[in-house]
Amino acid sequence: MGLKIIVLAKQVPDTRNVGQDAMKSDGTVNRAALPAIFNPEDLHALEQALVIKDAHPGTTVEIVTMGPPRAAEIIREAMYRGADGGYLLTDRAFAGSDTLATSYTISLAIKKLMPFDLLLSGRQAIDGDTAQVGPQVADKVGIPQITYAEEIVSVTPKDITVKRRLERGYEVVKATLPTLVTVHSSAVECRSRNSKLTMKYKHAKTVSELQEAAMDYEGMMKTRPYLQITEWTADDLNPDSQSLGLLGSPTKVKNIENVVFKAKETVDLDTSEKDIDFLMRELIANHIIG
Amino acid sequence: MNNVFVYIELEGTEIADVSLELLTKGKKLATQLNKKLEAICLGSKLDGIEKELYPYGVDVVHIADDSRLTPYTTLPHNRIVCDLFEKEKPEIALFGATSLGRDLAPRVCSTTGSGLTADCTSLEIGDHTDPKTKKEYKDLLYQIRPAFGGNIIATIINPDTRPQIATVREGVMKKEIADATYSGKVKKIDAKSILKEEDFVIQVIERQIEKSKVNLKGAPIVVAGGYGVGSKDNFKLLYELAHVLGGEVAGSRAAVDAGYVEHERQVGQTGVTVRPKLYIACGISGAVQHTAGMAESAMVIAINNDQDAPINAIADYTITGDLNDIIPKMIKYYKLNTK
Ligand SMILES: Cc1cc2nc3c(=O)[nH]c(=O)nc-3n(C[C@H](O)[C@H](O)[C@H](O)COP(=O)(O)OP(=O)(O)OC[C@H]3O[C@@H](n4cnc5c(N)ncnc54)[C@H](O)[C@@H]3O)c2cc1C
Ligand SMILES: Nc1ncnc2c1ncn2[C@@H]1O[C@H](COP(=O)(O)O)[C@@H](O)[C@H]1O
């Protein structure tokens, strides 16, 4: 029994390692100074797909990502780890999308890929921490959702059983397929690159990347079609243009501020008994403690 | 019409703190807008629940009582909330940024086509002029949140779609009874007529939810340790200090990730927000994601062996040195000088 699995993945700036040059003087983010990475929880989602693929021969795993042309990098990265291929949704018309416009665009691609059995996504992307795109895609595609998956307990061609990680405990739920499952960072880590697959897919490219590369890839693609990463622009998705990008985004950023600490009047002390006794005496005298 | 709505999160029939915090904030927003505050309760055996909500200034409690609504699953709750919003046209709707709220709110927003801002740390009412069209908007909800890993603070607005929807983490807003004698009215929702068969494709097979053991939010004194504490064993020193002072122990994410302290005790953007009388930060560098959860403490003492640690910038007292050296001295003085 093989399943058709689609994994939503996003290339994100690595906000966990923000250096001094990450912010421009006008308070906007200097994206160029941040390395672009595979969104961490999307790797956890990919792993869940690959585990199912290992257990159920005939399963296919494909990535769908929306982003600039270079986001094709994460599709290749997923292929090095065991995915079969992917779709890059890229168009200037998608620029400025908030989560609603993003999920609208992605949902059009998902509908084109129907029927499928399982849609996986990360719980949230580290650039916004919103955790909205997964559930909103599910809504627009018209399938149920299971968020915060820590483990896919079992899967059959008809249904899936998932353990969800909640704040103060867990829950095991069962849903009929197709459904969306968003995967939490407490799920197992993604396997690393497989060297054979890395060799095999090293030259996988989108049409735009092919046109840019000066080499003759055309012949190569004919003999090895699996190297072609599908690229879809707005035209391929037949969208309502009012629902795309900035136009289709109800949320607007009114204002952005750098985080600045208000300076406080500080009393600086050292480890001497004298200093510590002074501090404790003050705290007791002011009824902060005691 | 155009009122402020709060989704009430229930564990069985117990109301989550975050919902009461949102009602408190919602009341302020509603008053400012000259609108009413309405609450949405979906669950079973909810008789009398409205009495727990009225004191927060709630004017209308919408109740759907149906055994199929507990425990929570996404689709039936989504169906009822969307149906209600369709009829009532809220101006603002608030959800807790809990695993439940962050499961439900995106789905509701997708159905209603509204914007959603997750994890707001502040909500205000304000005006806006569109920079391009010069169109003026009055009384929008400013949804203020840290973005980009906490390095910037963004103000988000939804000029053209309603409701304006936001989620807020537990502990970020204060919970305060507006008027113990306040009274509103109940509006029953006929769940049976709204829900459809297909809303029940997900079954909950097993559920284990523990009561929270620690009460960080309510603690007057918080002794927080970071990665600089160095080990789980060294954290015992912090527990001892917290114990003698009558406080609770908290940790930074680095300390939680290193396994020195439980996740429940994490303070910061992705943890709990605290506002104690006294916050003692031990071996914490003071990353913005951490200070987002403690900057409103009335007094901050920073213990750090690095004089230039960012936490020192927001501290009232800094003690530069090794915490293993300093904390025992504090305990000693306290024991000798109080009874
Ligand atoms: C999206 C996102 C969300 C996040 N959410 C949170 C959150 O909710 N809460 C949170 O805390 N962090 C959060 N973080 C992580 C945050 O950015 C920092 O990495 C973290 O707060 C650092 O923890 P720390 O100060 O304990 O460790 P470090 O930065 O390693 O600091 C250790 C400090 O201890 C001092 N020290 C070392 N030894 C001693 C000693 N013997 N005596 C005294 N001082 C000593 C050092 O000088 C240093 O200042 C988040 C990050 C991201 C990207
Ligand atoms: N541009 C995108 N392309 C593909 N998947 C995305 C995109 N944005 C978000 N996602 C998916 O939705 C999840 C939640 O994202 P977010 O709502 O941005 O926190 C991510 O972990 C991804 O799996």
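The values are calculated or read from the model by the stated rules, or taken from the named source; none is laboratory data. Bear in mind the structure is a predicted one, so any value in this text is a computation, not a measurement. A quick note on method: Cβ atoms are made from the backbone with ideal geometry, for glycine too, and the neighbour counts reach across all protein chains shown. Quick note on the areas: whole protein, heavy atoms, side chains included, nothing else; ligands and nucleic acids left out. Shrake-Rupley method; radii C 1.70, N 1.55, O 1.52, S 1.80 Å.
Does residue B:165 count as assigned to a strand (DSSP E or B) and at pLDDT 95 or above? Yes; evaluated as a whole, the condition is true for this residue.
Being part of a loop (DSSP other than H, G, I, E, B) and either of a type in the set (Val, Ile, Thr) or modelled with pLDDT of 95 or more (or both) is the filter here, so list the residues in the range A:251-269 that pass it. A:251, A:259, A:260, A:266 - these are the residues of the range A:251-269 that are part of a loop (DSSP other than H, G, I, E, B) and either of a type in the set (Val, Ile, Thr) or modelled with pLDDT of 95 or more (or both). Just one of (1) more than 14 Å from chain B (Cβ to nearest Cβ); (2) modelled with pLDDT of 95 or more; (3) within 13 Å of ligand 2 (Cβ to nearest atom) fails for residue A:95. It is (2).
From the list B:249, B:204, B:244, B:261, the one residue that fits, being within 14 Å of another protein chain (Cβ to nearest Cβ), in contact (Cβ under 8 Å) with a residue 24 or more places away in the chain, open to solvent by less than 80 Å² (accessible area, probe 1.4 Å) and in contact with a strand residue (DSSP E or B) (Cβ under 7 Å, 6 or more places away or on another chain), is B:204. Just to be sure, is residue B:314 modelled with pLDDT of 95 or more, of a type outside the set (Ser, Thr, Tyr) and either crowded, with 19+ Cβ neighbours inside 10 Å or over 27 Å from residue B:121 (Cα atoms) (or both)? No: the conditions fail for residue B:314.
Residue by residue, here is whether (1) away from every other protein chain (no Cβ under 14 Å); (2) within 16 Å of ligand 1 (Cβ to nearest atom); (3) hydrophobic (A, V, I, L, M, F, W, C); (4) within 21 Å of residue A:242 (Cα to Cα) holds:
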site	(1), (2), (3), (4)
A:56	yes, no, no, no
A:60	yes, no, no, no
A:69	yes, no, no, no
A:72	yes, no, yes, no
A:77	yes, no, no, no
A:101	no, no, yes, yes
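Does at least one position in the range B:137-158 carry a residue that is of a type in the set (D, E, K, R), assigned to a loop (DSSP other than H, G, I, E, B), more than 30 Å from residue B:324 (Cβ to Cβ) and out of contact with any helix residue (DSSP H, G or I) (no Cβ under 7 Å at 6 or more places or on another chain)? The answer is no, given that none of the residues of the range B:137-158 is of a type in the set (D, E, K, R), assigned to a loop (DSSP other than H, G, I, E, B), more than 30 Å from residue B:324 (Cβ to Cβ) and out of contact with any helix residue (DSSP H, G or I) (no Cβ under 7 Å at 6 or more places or on another chain).
Against the numbered list (1) within 7 Å of ligand 1 (Cβ to nearest atom); (2) at pLDDT 95 or above, residue B:289 comes up short only at (2). Of all the residues in the range A:107-130, those that are of a type in the set (A, V, I, L, M), open to solvent by less than 10 Å² (accessible area, probe 1.4 Å) and either touching a Ser or Thr at 6+ places or on another chain (Cβ under 9 Å) or within 11 Å of chain B (Cβ to nearest Cβ) (or both) number 3. Among the residues of the range B:92-102, the one identified as in contact with a helix residue (DSSP H, G or I) (Cβ under 7 Å, 6 or more places away or on another chain) and either over 19 Å from residue B:121 (Cα atoms) or assigned to a loop (DSSP other than H, G, I, E, B) (or both) is B:98.
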